[in-house]
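Below you'll find the structure, written out as structure tokens, and then a few comments.
Nothing in this text is a laboratory measurement; each read-out follows from the coordinates by a stated rule. A quick note: this is a predicted structure, and the numbers were derived from the prediction, not measured. Virtual Cβ from ideal backbone geometry, glycine too; neighbours counted across all protein chains shown.
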Amino acid sequence: MAELNAYITEQRIEGADDGPLAGKTVAVKDNISTEGVETTCGSKMLDGYVPPYDATVVERLKEAGATINGKANMDEFGMGTTTETSHFGATLNPADTNRVPGGSSGGSAAAVAAGEADLALGSDTGGSVRAPAAFCGVVGIKPTYGLVSRYGLVAYANSLEQIGPIAPTVEEAAGLLDVIAGSDDRDATTVEEGDDSNYAAAADGDVEGMTIGIPTELVEGADERVVETFRDAIDDLEAQGAETVEVSMPSVEKAVAAYYVIAMSEASSNLARFDGTRYGLNAVEAGDYDDLSEAGNWNEAFATAREEGFGEEVKRRILLGTFALSAGYHDKYYAKAQDAREWIKQDFDESLQEADVLASPTMPVPPFELGEGLEDPRTMYLADANTVPVNLADLPAISVPAGESDGLPVGLQFVGPKYGEETIVRAASALE
Amino acid sequence: MSDGDEPAVTGEEVRKVADLARVDLTDEEVEQFAEQFEDVLADFETLDEVPEVESEPELVNVMRADEVEEGLSQAEALENASETEDGYFKGPRVS
């Protein structure tokens, strides 16, 4: 098989001798801080940056006995759906090396799918764990907001993102979530619901009597080959005793627009820290100056470092976010996007009154060919239509392989109520 | 998503935003972004159709007393900086 380029840094970090993950290798996405091991976020800006501390999830992996076997490739700062915006080159999809693995946690999913790691951690801001899990044919979980500590995760859009597990099976993904979930004093948004969890035990495949809601809006826009595989999987669940109901969620039509306004706005603020002074590429390196005094005043020096350090997609999102927050546009874009977020939350609440879980294709399309989406950013943004509503609503979701279409993996997404991780794990395990 | 009523984005506007965000752009990037931003902002415009929604955010007080804990040493905090002087970060001149 061709070199997948799943890792940015291949370095082993040994964990404790015993624990639930003893003997397991875990690939960690390169936006999760590892003490003493380079953490680049897939960006030239942080090429060579070595964190002086571990993220909470990394501490928990080590305590659980895992061996971290490398830092996984990703779209730059998590901004992409293909892992092609990485400064360190694209990752290839092990199912078909002419295609992208999805993103932004593409290195994590590709490493697990190819057997280069037993398990992996990704982060999911708008689908970045579920999209690559679907495209590579593995399992990925986006936990309820607050279930997993974000301490040590380099922020992209902090009101939306969660670190999540990727694994070959539902039970292993749930077991990895058990290790990383739980409250943390260093992240005030964490909750206690994940303390002492046993999500792995819920992977019993028992969907007898479970009601599965299917939001029509998340199915009708999808590629027909994807829909066919999705429908076959739903038939399988019905044969196992699950009931299905159609539900309508008109708000999700606005989810992509709302997501990008909020994510880009938060990104413009979060990425303001990268000015080359405390860490990262500075103006002397970026502008080829002999001395910092030649780089101009701080505005000029920062702008030089940021032009050279950030790739095109990151600049695009920082600028659009700055625009959406600027005087005269804040109410028109940002405030409206927050209204849409609330509307989407209420739609999910209502749908989850009618059903135990909601099901849809994870991605509305099969894996893109390499280079296919880079030309037109807007097409790429629309591919996130089924995953972003979940982040806006702070809910848990899982992507599980539903089968193949033309030899390419198709993922099915289950969405559960807040802290309903056990329900989505149970539903997903019935498809294995 | 929109039907022809797209906001025109000028190169000058892109430069102004880039200036606010402290990101230098090449002329090529300015031209390309102006074109792409028109499409993306047209999508953002559709948020106009979102209805007013009543909401009661679940807010929880997470205040607690400060506790002194060990943090990074000065050397650790400085180790990733390109330029330092006498234990400080060295930045560009102010004006």
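Considering only alpha-carbon pairs that sit under 8 angstrom and 6 or more positions apart, the relative contact order computed for the range A:108-260 is 19 percent. Of the three principal axes defined by the Cα atoms of the range A:131-275, the extents in descending order read 54, 37, 26 Å. Applying both filters, DSSP loop and at most 10 other Cβ atoms within 10 Å, to the GluC sites (Glu not before Pro) of the range B:1-90 gives B:E52, B:E54, B:E58, B:E67, B:E69, B:E70.
For A:A16 and A:A272, the difference between the fully extended length at 0.36 nm per residue and the C-alpha to C-alpha distance is 88.5 nm. Shape of the range A:331-432 from the C-alpha gyration tensor: oblate (a/c of 1.5 or more and a/b not above b/c, with a ≥ b ≥ c the square roots of its eigenvalues). Taken over the alpha carbons of the range A:1-77 as equal point scatterers, the Debye sum produces base-10 log I(q)/I(0) values at 0.17 Å⁻¹ of -0.61. Calculated translational diffusion coefficient of chain B (10 °C, 1.306 mPa s; Stokes-Einstein with Kirkwood radius over alpha-carbon pairs) equals 82 µm²/s. Taking A:A257, A:A267, A:A201 in turn, the Gaussian network model of chain A (Cα-Cα springs below 10 Å) assigns the largest fluctuation to A:A201. Each 20 Å bin from 0 upward holds the following percent of the Cα-Cα pairs of the protein assembly as shown: 23, 58, 18, 1.
Each of A:A200, A:T216, A:L374 was scored by the projection of its Cα onto the charge dipole of chain A, and the greatest displacement toward the positive side belongs to A:L374; charges sit on the C-beta of Lys, Arg, Asp and Glu. Across peptide B:72-80, the average count of Cβ atoms from other chains found within 10 Å of a residue's Cβ is 3. Taken about its Cα centre, chain A carries a charge dipole of roughly 940 debye when the Cβ of each Lys and Arg holds +1 and the Cβ of each Asp and Glu holds -1.
Relative to the globular-protein estimate of 2.2 N^0.38 Å, the Cα radius of gyration of the range A:349-405 stands at 1.36. Identify the residues of the range A:136-151 with backbone N under 14 Å of a label point that sits 7 angstrom from the Cα of A:E372 along the Cα-to-Cβ direction, or state none. Backbone N within reach: A:136.
Sparsely packed loop sites in the range A:1-77 (the trypsin sites (Lys or Arg not before Pro) outside DSSP H, G, I, E and B with at most 15 other Cβ atoms within 10 Å) comprise A:R12.
Helix A:312-325 axis versus longest C-alpha principal axis of chain A: approximately 80°, rounded to the nearest ten. Estimated purely from DSSP H runs of n ≥ 4, each contributing -39500 (n - 2.57), the mean residue ellipticity at 222 nm for the protein assembly as shown is -9500 deg cm²/dmol once divided by its residues. Sequentially through the range A:42-53, phi angles give Karplus couplings (6.51, -1.76, 1.60; θ = phi - 60°) of x, 10, 4, 3, 10, 4, x, 6, 10, x, x, 8 Hz, Gly and Pro residues having no value and appearing as x. Past the 31 Å Cα-Cα mark, which pairs from A:K44/A:K142; A:K315/B:K90; A:K24/A:K315; A:K71/A:K254; A:K44/B:K90; A:K24/A:K345? Correct reply: A:K24/A:K315; A:K71/A:K254; A:K24/A:K345. Each 5 Å bin from zero holds the following percent of Cα-Cα pairs in the range A:148-227: 3, 12, 15, 14, 16, 19, 12, 7, 1, 0. Label positions at A:T97 and A:D236, each projected 7 Å from the Cα along the C-beta direction, are separated by 2.8 nm.
Restricting the range A:284-380 to GluC sites (Glu not before Pro) that sit in a DSSP loop and have at most 10 other Cβ atoms within 10 Å of their own Cβ leaves A:E375.
The alpha carbon gyration tensor of the range A:69-124 gives principal lengths a ≥ b ≥ c with a/c of 1.5 or higher and a/b no greater than b/c, which makes the shape oblate. Calculated FRET efficiency, A:E246 to A:R186, Cβ-Cβ distance, R0 = 60 Å: about 0.90 to the nearest 0.05. Under 5 Å from the amide H of A:L412 lie the amide H atoms of A:T362, A:V400, A:A402, each residue being 5 or more positions distant or on a separate chain, with H modelled from the backbone and absent for Pro and chain starts. Averaging over all projection directions, the Cα-based convex hull of the range A:374-432 occupies 5.1 nm² in the image plane.
Rounded to the nearest 0.05, the FRET efficiency derived from the C-beta distance between A:E228 and A:D349 at R0 = 25 Å is 0.25. Considering only Cα atoms, the convex hull volume of the range A:71-179 works out to 86 Å³ per residue. A Cβ-based charge dipole, computed about the Cα centre of the range A:157-202 with Lys and Arg at +1 and Asp and Glu at -1, lands at about 180 debye.
Dividing the convex hull volume of the alpha carbon atoms of the range A:259-301 by its residue count gives 79 Å³ per residue. How fast does the range A:276-371 diffuse by Stokes-Einstein, in µm²/s, taking the Kirkwood radius from C-alpha pairs at 37 °C and 0.692 mPa s? Reported coefficient: 184 µm²/s.
Hey, if you put +1 on the Cβ of every Lys and Arg and -1 on every Asp and Glu Cβ in the protein assembly as shown, which of A:L408, A:A113, A:A383 ends up farthest toward the positive end of that dipole? Of the options given, the answer is A:A113. Projecting the Cα positions of A:T40, A:T25, A:G15 onto the charge dipole of the range A:1-58 (unit charges on Cβ atoms of Lys, Arg, Asp and Glu, taken about the Cα centre) puts A:T40 furthest along the positive direction. Simple point charges give the picture: +1 on the Cβ of Lys and Arg, -1 on the Cβ of Asp and Glu, and for the range A:268-313 a dipole about the Cα centre of about 360 debye.
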